[in-house]
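**Q** My questions all concern the structure below.
The values are calculated or read from the model by the stated rules, or taken from the named source; none is laboratory data. Computed from a prediction, not measured in an experiment: that's the story for all the values here. Note that each Cβ is placed from the backbone with ideal geometry, even for glycine, and that neighbours are counted across all protein chains shown.
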Amino acid sequence: MWSEREHDRDGVHDTAVLVLMAPVALKDQLLDAHPDVLFSTPHYDGHGAYLCRLDDVDEDLLADLL
């Protein structure tokens, strides 16, 4: 889970956030396909890590991402 430090740094206070991993080549596809649920910050540029808004994600999508 994302800690308070990350919430403060990146200004995301409206939801619990889960950090997920994907192959770097797949990350942009996932972010583009689900922009209302998935996002990234500059901290994760160049890495396969991306972020998921837990309050907004559908259970089936979350299961697929996990």
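**Q** Any residue in the stretch 47-66 that's over 19 Å from Pro23 (Cα atoms): show its pairings with residues that are part of a strand (DSSP E or B) at Cβ separation under 8 Å, as long as the two are six or more apart or on different chains.
**A** Arg53/Val17; Arg53/Leu38; Arg53/Phe39; Leu54/Val17; Leu54/Leu18
Residues are listed down the side, and each one gets a yes or a no for (1) basic (Lys, Arg); (2) at pLDDT 95 or above; (3) not in a helix (DSSP H, G or I):
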{"residue": "Leu18", "(1), (2), (3)": "no, no, yes"}
{"residue": "Leu30", "(1), (2), (3)": "no, yes, no"}
{"residue": "Pro35", "(1), (2), (3)": "no, no, yes"}
{"residue": "His43", "(1), (2), (3)": "no, no, no"}
{"residue": "Asp56", "(1), (2), (3)": "no, no, yes"}
{"residue": "Asp60", "(1), (2), (3)": "no, yes, no"}
